[in-house]
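Novice: Starting off with a structure, shown below.
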Amino acid sequence: MKCRLFLILIVCLLGLTQTFAQNNDLQLAYQYRTNGELQKAFDIYQKLYRQDNETYYPQYVTSLLDLKKFDEAESITKKAMRKHPGDALYVLSMGRIYTQQGQPDKANPLYEELIKNLQPEQNAIASLAMQFYRSDNAVYAIKTFEQGRKVLRNDRLFGNELISLYRYKRDKVALTEEYLNFLPENPLYLNQAQNTLASLYEGEADYAMLRSALLKRLQKDPQQIIYTNLLTWQYLQQKEYDQALNQALALNRRQTNNNGSDIFELCRTLTSNGAYDAAIRGYEYLLTKNTRQDELYIPSKIELINTKNLKITAGKYVQADLLSLEKDYIDLLNEFGRTSSTAFAMQKLANLQAYKLHKLPEAQKLLEEAVAISGLRPQLLSGCKLDLGDVYLMNHQPWEATLTYSQVEKAYPGTPMAQDANYRNAKLAYYTGDFSWAKGQLDVLKAATSQLIANDALNLSLLIADNTQLDTAGKALKMYARADLLIFAEQPDKALLTLDSIDQKYPGNTLTDDIMMAKARIFIQQKNYAGAVAPLKKIADEHSGGLWADDAVFMLADLYENQLNDKEAAKTYYQKIITDYPGSIWINEARKHFRILRGDQPDTSS
């Protein structure tokens, strides 16, 4: 008995030793093949195949094909097919051999026969399709799934698999239809479908195809919510904002138990896309649908006024527009009180009063009330405090401003919010002429996690350094800083007068390009976009190695693309960022916009 156990143990150990050796050989052969040493890989695979021709057949036949030994590959595969008739592995290998020999007319009948003889077994069908896919034959993988649906008599099967294959093949029509079949029973995949289609669609024709397919299905099944939601999304992608809202409203009216949260979110999307009129119409619908007791009533009223705010301030406006908007905010606060639910509206009203109406005492009082409300969300509270600090600064209370900024910095140490507060404190010192302290803080902020704050801190630090070397008192810079504060306070006329006085009072100063950049910012603030072009071009052409050069070039590109409707000029300036300023903070944005303007297709490799 002991002898028998000993022999069994010896056999097991020998088997393990052999397996270990074979695994080492496989790894070595794989490495050879990866390195392009095909003959060395072949020698190992051939040795393994002779030890166990069925286990190592796949690797051996691949190695034969690598060396174009088609006759031997065909011979061993035919033997395997006779030994294992109907085994898909060998049939697929034979098809692969024929294909690599340039004889698809011999391969395709083999594949067709496999698909024709499919049995109604879901796992076996999926396995065959996967083998086709691994053989770089997505076409027959698709055919396998399609035939599988027929033999299993279920058109809903294999939806995910076919979606992946159609995406891989970039078959937009088939992918669209498959998603429309798939989504009604799998509505949680709607976002995935939208992202996939957006990455694959290339223009109006593709979205028109989707719209046509959706409308046909909605005629047959008008209650299918997922189709309506997808149609709304399609209108948004095509910037047909009124149509998107109409579609969403029509669906909402049919649903008695819908509180309108979908309309609310759509309106926020419309606002972010600048479709203010459509968003206003949506919010007004929600106010008629809901009562004061409903959850969305107050948020809808606040967002309605905020959207009107954006609409007015985004375009040309007169004082009467601003006063009407102020009255809307005041009426809202009188109706609902000054609470944590309306603090956001208090913040918006204060900003309107401070920057547009220049009612600094009223703005200060309102923000002081807002920060005193208990239960405010931390982000809203800190935002109100930072705004209050800015109002203190404009209202000639720098000590109160720095205390308020410091409160935020201490409350959220190490966060972007704290860095923002620290940057505002540094700018306060710069505005008030304490350049040494300001530069010390700015030099620390150059390592901020927020790239925008880090870049702004770097620019301001360089501005101070460049303009205090020769003029240690920084007299010209102090005057420039006063103009900068006037720009911040949206008092452009006073800012321009101050800027024009710098050269007269301090001739030969080193602020030439800084003054031009400040004037460009004023013109943009006044929405005089054409007026901003001249100083920006002068910076780009005459101060190409200066502090503001890459900013000026990027601003020109942005103005030409989004305000002046000159896409070719925009493309030229985006390209200038890429070629002349590869280290610029704007490089990634420039690349993205340049590719879009050039008409590059989106990357769908992920």
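Novice: Could you check segment 500-606 for helices (runs of 4 or more DSSP H) lying wholly inside it with 3 or more residues that are within 21 Å of Ala465 (Cα to Cα)? Spell out how you get there, then give the answer.
Specialist: Details: elements: 512-525, 529-542, 549-562, 567-580, 587-598.
Qualifying helices (runs of 4 or more DSSP H): 512-525, 549-562.
Novice: A follow-up question, please. Of the numbered conditions (1) open to solvent by 70 Å² or more (accessible area, probe 1.4 Å); (2) within 17 Å of Leu428 (Cα to Cα), Leu486 fails exactly one; give the number of that condition.
Specialist: Among (1) open to solvent by 70 Å² or more (accessible area, probe 1.4 Å); (2) within 17 Å of Leu428 (Cα to Cα), the lone unmet condition for Leu486 is (1).
Novice: Tell me the helices (runs of 4 or more DSSP H) entirely within segment 81-164 that contain at least 2 residues that are farther than 22 Å from Glu177 by Cα.
Specialist: Numbers: elements: 88-100, 104-116, 122-134, 138-152.
Once the helices (runs of 4 or more DSSP H) in segment 81-164 are filtered for at least 2 residues that are farther than 22 Å from Glu177 by Cα, what remains is 88-100, 104-116, 122-134.
Novice: Now a separate question. With respect to Leu380, is the statement that it is outside any loop (DSSP other than H, G, I, E, B) and either farther than 26 Å from Ala426 by Cβ or open to solvent by less than 70 Å² (accessible area, probe 1.4 Å) (or both) true?
Specialist: Numbers: outside any loop (DSSP other than H, G, I, E, B): yes; either farther than 26 Å from Ala426 by Cβ or open to solvent by less than 70 Å² (accessible area, probe 1.4 Å) (or both): yes.
Judged against the criteria, Leu380 is a match.
Novice: Here's another thing I want to ask about it. Answer with yes or no whether Glu326 is closer than 29 Å to Asn257 by Cα and either touching a residue at least 40 places away in the same chain (Cβ under 8 Å) or surrounded by fewer than 20 Cβ atoms within 10 Å (Cβ to Cβ) (or both). I'd like the intermediate steps shown before the answer.
Specialist: Working: closer than 29 Å to Asn257 by Cα: no; either touching a residue at least 40 places away in the same chain (Cβ under 8 Å) or surrounded by fewer than 20 Cβ atoms within 10 Å (Cβ to Cβ) (or both): yes.
Criteria not met by Glu326.
Novice: Of the residues that sit in segment 117-138 and are free of Cβ contacts under 8 Å to residues at least 12 places away in the same chain and of a type outside the set (S, T, N, Q), which one is farthest from Gln59 (Cα to Cα)?
Specialist: The selected residue is Glu121.
Novice: Can you list residue pairs whose Cβ atoms sit under 7 Å apart, with the first residue in segment 393-422 being free of Cβ contacts under 8 Å to residues at least 24 places away in the same chain and farther than 17 Å from Ile453 by Cα and the second being part of a helix (DSSP H, G or I) and among the aliphatic types (A, V, I, L, M)? Count only pairs 6 or more apart in sequence or on different chains.
Specialist: Thr404/Leu388
Novice: For segment 356-366, enumerate the residues that are surrounded by 19 or more Cβ atoms within 10 Å (Cβ to Cβ) and farther than 21 Å from Leu486 by Cβ. So that I can check it myself, show each step before the final result.
Specialist: Of the residues in segment 356-366, the ones surrounded by 19 or more Cβ atoms within 10 Å (Cβ to Cβ) are 356, 360, 363-364, 366.
Leu366, the sole residue that qualifies.
Novice: Please enumerate the residues belonging to segment 183-199 that are in a helix (DSSP H, G or I), over 23 Å from the mean Cα position of the chain (by Cα) and surrounded by 12 or more Cβ atoms within 10 Å (Cβ to Cβ).
Specialist: Residues of segment 183-199 in a helix (DSSP H, G or I): 183-185, 187-199.
Now restrict to residues that are over 23 Å from the mean Cα position of the chain (by Cα): 183-185.
Within segment 183-199, Leu183, Pro184 qualify.
Novice: Here is a further query. Taking Asn562 as the residue in question, decide whether it is within 21 Å of Ala454 (Cα to Cα), open to solvent by 80 Å² or more (accessible area, probe 1.4 Å) and not small (Gly, Ala, Ser). Please lay out each step first, then the result.
Specialist: On the way: within 21 Å of Ala454 (Cα to Cα): no; open to solvent by 80 Å² or more (accessible area, probe 1.4 Å): yes; not small (Gly, Ala, Ser): yes.
In short, no.
Novice: Would you point out which residue out of Leu218, Leu236 is among the hydrophobic types (A, V, I, L, M, F, W, C) and farther than 29 Å from Tyr297 by Cβ?
Specialist: Checking each option against the conditions leaves just Leu218.
Novice: Does segment 260-288 hold any residues that are in contact (Cβ under 8 Å) with a residue 12 or more places away in the chain and open to solvent by 70 Å² or more (accessible area, probe 1.4 Å), and which are they? Explain how you work it out, then say what you get.
Specialist: Going through segment 260-288, the residues in contact (Cβ under 8 Å) with a residue 12 or more places away in the chain turn out to be 260-264, 266-271, 273-287.
Listed by number, the residues that qualify are Arg268, Asn273, Asp277, Arg281, Glu284.
Novice: Can I ask one more? Could you tell me whether Leu165 is crowded, with 17+ Cβ neighbours inside 10 Å, over 24 Å from the mean Cα position of the chain (by Cα), at pLDDT 90 or above and not hydroxyl-bearing (Ser, Thr, Tyr)?
Specialist: On the way: crowded, with 17+ Cβ neighbours inside 10 Å: yes; over 24 Å from the mean Cα position of the chain (by Cα): yes; at pLDDT 90 or above: yes; not hydroxyl-bearing (Ser, Thr, Tyr): yes.
Considered against the rule, which asks whether it is crowded, with 17+ Cβ neighbours inside 10 Å, over 24 Å from the mean Cα position of the chain (by Cα), at pLDDT 90 or above and not hydroxyl-bearing (Ser, Thr, Tyr), Leu165 comes out as yes.
Novice: Taking Leu564 as the residue in question, decide whether it is aliphatic (A, V, I, L, M), touching a helix residue (DSSP H, G or I) at 6+ places or on another chain (Cβ under 9 Å) and modelled with pLDDT of 95 or more.
Specialist: Values: aliphatic (A, V, I, L, M): yes; touching a helix residue (DSSP H, G or I) at 6+ places or on another chain (Cβ under 9 Å): yes; modelled with pLDDT of 95 or more: no.
It is false that Leu564 is aliphatic (A, V, I, L, M), touching a helix residue (DSSP H, G or I) at 6+ places or on another chain (Cβ under 9 Å) and modelled with pLDDT of 95 or more.
Novice: Further question: Name, by its number, the condition in (1) under 22 Å from Lys475 (Cα atoms); (2) surrounded by fewer than 20 Cβ atoms within 10 Å (Cβ to Cβ) that does not hold for Lys439.
Specialist: Looking at each condition in turn, Lys439 falls short on (2).
Novice: Further question on the same structure: Exactly one condition in (1) over 33 Å from the mean Cα position of the chain (by Cα); (2) within 30 Å of Lys446 (Cα to Cα) is false for Arg338; which is it?
Specialist: For Arg338, the failing item is (2).
Novice: What's the total number of residues in segment 410-432 that are touching a helix residue (DSSP H, G or I) at 6+ places or on another chain (Cβ under 6 Å), at pLDDT 95 or above and open to solvent by 40 Å² or more (accessible area, probe 1.4 Å)?
Specialist: Looking only at that region, the number is 1.
Novice: Among the listed residues Gln22, Gln18, Gln46, Gln59, which satisfies the condition of being assigned to a helix (DSSP H, G or I), surrounded by 13 or more Cβ atoms within 10 Å (Cβ to Cβ) and modelled with pLDDT under 80?
Specialist: Details: Gln18 fails: surrounded by 13 or more Cβ atoms within 10 Å (Cβ to Cβ); Gln46 fails: modelled with pLDDT under 80; Gln59 fails: modelled with pLDDT under 80.
Result: Gln22 is the single residue among Gln22, Gln18, Gln46, Gln59 that is assigned to a helix (DSSP H, G or I), surrounded by 13 or more Cβ atoms within 10 Å (Cβ to Cβ) and modelled with pLDDT under 80.
The values are calculated or read from the model by the stated rules, or taken from the named source; none is laboratory data. Source: prediction; values computed, not measured. All Cβ positions, even for glycine, are placed from backbone atoms using ideal geometry, and neighbour counts span all protein chains on display. The accessibility values were calculated without ligands, DNA or RNA, using every heavy atom of the protein model including side chains. Shrake-Rupley method; radii C 1.70, N 1.55, O 1.52, S 1.80 Å.
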